[in-house]
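**Student:** The structure follows.
A short reminder: the numbers here are calculations on the coordinates, not readings from a lab. Being a predicted model, the structure only gives us computed values, none of them experimental. Neighbour counts are summed over all protein chains in view; Cβ atoms, including those assigned to glycine, are modelled from backbone coordinates with ideal geometry.
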Amino acid sequence: MRSVFVAAILLVLHLFTKANEIDKLTTIKDVEHFLVEKVDSNFIRYADVGDSIVGFLKIDVDRNGLTDLLVNSDHPFVILDSGNGHYERSVMWAGQKTYRPVEIFQAKDGPLLLTKSSTDCGKVSSFDLDTLTFKLGGLIEYNSHPDRLQIEKINLNTHDGYPGMNIEISVDAGRWATCEERYTSKIFAGIVDSAYFDKLMQTINYINLSSLSNSYPMVGLECLWSDQEVYTLEVTFDNGQIKKISDYGGGGTFGLVALYKQLVNLESEKRLEELR
């Protein structure tokens, strides 16, 4: 099977991107230095990086014209260049699976990553092939046939984890949103702008929320984190269907992670006004 880290593919993918700091990287040592100097000074101290980088690919994953960095390591990840020297790390881990890039394809709406995922905390108990793309603000499972459903209400409740994420967020079909921070007793509310609301609807439909599992338990706690948040998502569709998902750790799928992030950002990006 052809490797994703192929020089010919790298050259083609560079034809339509602007030069940036990532373009200058040529060796693994360069990548390690870049991660420390430009992304996080403590980066190489993290257990999932260290000396484990075995390869990398420079590619514009999010299609913003700037080269991003796909790093192949024990736990692969992507560094996204958002411009103006701002970099964001997107891990290739969801649903208790680690996703390792195998091959890359250029589709009309952007690059598709063919990945091989392993379960059981890296102890290979099974392998599955999945296709990921960058869409709606993050890595997400590729879907060629999204739903076309409308919602009446979205409710996200996080609890039993660290206090900083003990919140409840609701958004209704009229774009009215509320967020209660139970650890501070603060309440935020307001009308979500139409563009952001449309993005929420696109995400719900793209990830086929109505067809996802109802429960995502955390497995392999002996080699993962414990005391994680429990994410409870409930979506009421306009056809009367109700979808409820319990997600321990908040990483059931890449699509769910993207949706959680969008909902939490309603408050963190100051899109809502504080009522008390």
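**Student:** Kindly write out, for region 147-152 in residue order, the coupling ³J(HN,Hα) from the Karplus curve 6.51 cos²θ - 1.76 cosθ + 1.60 (θ = phi - 60°), rounded to whole Hz, with x marking Gly and Pro.
**Tutor:** 5, 9, 9, 10, 10, 9
**Student:** Packing-wise, with mean Cβ within 10 Å as the measure, how do 70-77, 30-37, 248-255 rank, highest first?
**Tutor:** Top of the packing list down: 248-255, 70-77, 30-37.
**Student:** Between Ser213 and Asn64, 0.36 nm times their residue separation minus their Cα-Cα distance comes to what?
**Tutor:** In short, 50.4 nm is gained.
**Student:** Now a separate question. Could you work out the percent of alpha carbon pairs in region 151-274 separated by over 19 Å, rounded to a whole number?
**Tutor:** The calculated P(r) of region 151-274 puts 46 percent of pairs beyond 19 Å.
**Student:** Would you mind working out the magnitude of the charge dipole of region 151-274 relative to its Cα centre, with +1 at each Lys and Arg C-beta and -1 at each Asp and Glu C-beta, to the nearest 20 Debye?
**Tutor:** That gives region 151-274 a dipole magnitude of about 240 debye.
**Student:** For the pairs Lys38/Lys116; Lys153/Lys244; Lys135/Lys243; Lys29/Lys58; Lys58/Lys135, note any where the Cα-Cα span goes beyond 20 Å.
**Tutor:** Check vs 20 Å cut-off fails for Lys38/Lys116; Lys135/Lys243.
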